[in-house]
Structures are given as C-alpha cells and as structure tokens.
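The values are calculated or read from the model by the stated rules, or taken from the named source; none is laboratory data. Every value quoted in this text rests on a predicted model; they were computed, and no experiment measured them. Neighbour counts run over all protein chains shown; Cβ positions are idealised from the backbone, glycine included.
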Amino acid sequence: MKELQVTKLFKEFDKLQSTHGDKKLLSVYGAGCKKRPKLFLLFMNPTWRNVSCIKWRQWIRAPRLGTKNIRKILFAIWTISKKTFEHIQKLKPNERTEKFSLEIYQEIAESNVYISNLAKCTQTDARPLKDSVFKEYLDLIYEEINEAQPEHIVSFGNQVSSIILSKKITVSWYIKDKHEILQVRKKSYKVYPTFYPVGLWMRNMPKAIERIKNILKK
C-alpha cells in the first residue's frame with residue numbers, strides 16, 4: 001500500500017485549523033501520489049461536506065471525500081475507474097466507509113495524481129476565504145509541493161491561482177497548455193491556472209476537463 005500523505009505537515013495544518021476553521025471539525029490534508037505525481041490538483045479549502053473532517057471518524061482525512069462532483073472530473077481524466085466512479089455515484093451518505101475512502105485514494109495514487117487544497121481549514125459553508133487566510137498557508141503548500149515534486153500543478157480558480165503565483169491571474173487567459181512557472185527554493189514547477197469546476201462553479205467543469213486533458217497530452 002502506497003504512502004498517500006505528507007504527514008510531517010499535519011501538525012502545522014492543525015494549528016491553522018484551530019485559528020481559521022470550525023472548532024467542531026478537523027483539517028483536511030492533501031492525498032494521493034506523494035512522490036513525483038504527473039498531476040497535482042489544487043483546490044481552495046474543505047467544507048463540512050467532506051465526511052473525513054468529523055472528529056469521531058478515524059478515516060483518511062483527504063480532499064472531497066463524500067462529495068460526488070469532483071469524481072466526474074477524476075473519471076473524465078482517467079484517474080478513477082468506471083467501476084469506482086459508478087460506486088461513488090450510487091452511495092448514500094450513511095453507506096460511505098473508511099475502507100472505500102482509502103481505496104479511492106489508493107486508486108488516485110496509482111494514477112499518479114495528488115489532490116490538495118491551498119487552505120486545509122474546514123468550514124461549515126462554501127463561502128470563499130479571505131486572501132489573508134490563504135496566504136498563511138503559502139509556505140506550507142510550497143513545502144507540500146516540494147515534497148511531492150509534481151510534473152504539472154493545476155490551480156483551480158482566480159483566487160487560488162493568484163495567491164500561489166503571487167500575481168493577479170485570470171484563468172480565462174490560459175488555454176490549451178499555457179502555464180506559469182512557480183519557483184520554490186531552487187526548484188521550478190509548471191502551474192496551469194484553470195476554471196474552478198465544482199460548487200457554485202459547476203458550469204465550468206467541461207472547460208476544466210478539457211484543459212486538464214490538454215495538459216495530459218504533453
């Protein structure tokens with residue numbers, strides 16, 4: 001079984017959860033292929049809809065567990081199998097299990113994909129965080145990226161892309177495989193700003209899928 005998470009960062013993420021997250025919920029960490037993934041998918045922050053953030057559940061605390069829309073992207077870009085996708089879509093909330101959640105991320109890791117959020121602090125709703133909160137996570141996300149050393153980083157949305165790249169980004173300017181270079185210490189990474197594809201931005205999912213497929217063709 002592959003190691004799925006950068007555990008050395010958990011303590012610092014949990015400190016920020018106590019400051020910026022809901023006190024009744026746990027922080028949610030990145031997970032997947034933690035060593036040289038082909039894709040590093042970077043979202044905003046988790047919400048209470050992630051079933052792994054509940055304190056009495058001793059599950060892998062990983063992005064998007066319990067939500068279904070992101071799985072449409074993962075299936076479309078060949079990260080999870082049709083069998084896994086269909087199983088997720090049929091599951092009722094009380095049918096989710098620790099075992100199956102771990103199996104999902106093992107499959108994601110086998111597909112050379114790592115999924116994370118810029119901020120790991122879990123909220124009770126989906127309202128965007130202030131830039132100042134995301135910026136408190138910057139050093140940690142850079143360390144997470146350096147630990148993983150991904151081939152391609154897909155940053156979802158104007159806010160996340162602008163903060164991680166330290167410049168104003170408009171994702172609609174980036175088509176096909178156009179990207180920016182992120183310098184972290186002595187290492188360089190390709191970052192692909194992309195439309196945010198879930199939640200209030202569901203209409204952008206086809207654009208995000210097309211963009212990721214263009215990246216994978218490289």
Handout entry: Thr84 vs. criteria farther than 16 Å from Val154 by Cβ and crowded, with 18+ Cβ neighbours inside 10 Å
Key = yes
Completion exercise
Every listed condition ((1) in contact with a Ser or Thr (Cβ under 6 Å, 6 or more places away or on another chain); (2) surrounded by fewer than 17 Cβ atoms within 10 Å (Cβ to Cβ)) holds for Lys120 save (2)
Exercise for the section: Considering (1) in a loop (DSSP other than H, G, I, E, B); (2) closer than 23 Å to Ala148 by Cβ; (3) without any contact (Cβ under 8 Å) to a residue 12 or more places away in the chain; (4) not polar (S, T, N, Q), say which one Arg61 fails and leave the rest. Expected result: (3)
Practice task
Could you tell me which residue of region 173-198 is farthest from Ile77 (Cα to Cα), considering only residues that are modelled with pLDDT under 90 and buried (at least 17 other Cβ atoms within 10 Å of the Cβ)?
Solution key: Val198
Handout entry: Every pair of residues 6+ apart whose Cβ atoms lie under 8 Å, when the first sits in region 26-48 and is at positive phi and surrounded by fewer than 23 Cβ atoms within 10 Å (Cβ to Cβ) while the second is small (Gly, Ala, Ser) and outside any strand (DSSP E or B)
Key = Arg36/Ala148
Problem - Residue in region 122-139 that is assigned to a helix (DSSP H, G or I) and either of a type in the set (A, V, I, L, M) or in contact with an Asp or Glu (Cβ under 7 Å, 6 or more places away or on another chain) (or both) present - result: yes
Exercise for the section: Among the residues of region 87-108, write down those that are surrounded by 12 or more Cβ atoms within 10 Å (Cβ to Cβ) and in a helix (DSSP H, G or I). Expected result: His87, Ile88, Glu98, Phe100, Ser101, Leu102, Glu103, Ile104, Tyr105, Gln106, Glu107, Ile108
Practice task
State the number of residues belonging to region 60-100 that are at pLDDT below 90 and among the hydroxyl-bearing types (Ser, Thr, Tyr).
Solution key: 2
Problem - region 178-200 - residue that is in contact with a Phe, Trp or Tyr (Cβ under 7 Å, 6 or more places away or on another chain) and in contact (Cβ under 8 Å) with a residue 40 or more places away in the chain and, of those, farthest from Glu143 (Cα to Cα) - result: Pro197
Exercise for the section: Write out, first by first residue and then by second, each pair whose Cβ atoms fall under 7 Å of each other, whose residues are 6+ apart or on separate chains, and whose first residue, in region 80-101, is among the polar types (S, T, N, Q) while the second is modelled with pLDDT of 90 or more. Expected result: Ser81/Glu107; Thr84/Ile104; Thr84/Glu107; Ser101/Ile60
Practice task
Inspect all residues belonging to region 3-25 and state whether any of them is charged (D, E, K, R) and within 17 Å of Phe100 (Cα to Cα).
Solution key: yes
Problem - Arg71 over 19 Å from the mean Cα position of the chain (by Cα), surrounded by fewer than 23 Cβ atoms within 10 Å (Cβ to Cβ) and charged (D, E, K, R) - result: no
Handout entry: Ser52 being touching a Lys or Arg at 6+ places or on another chain (Cβ under 7 Å) and either surrounded by fewer than 16 Cβ atoms within 10 Å (Cβ to Cβ) or not in a loop (DSSP other than H, G, I, E, B) (or both)
Key = yes
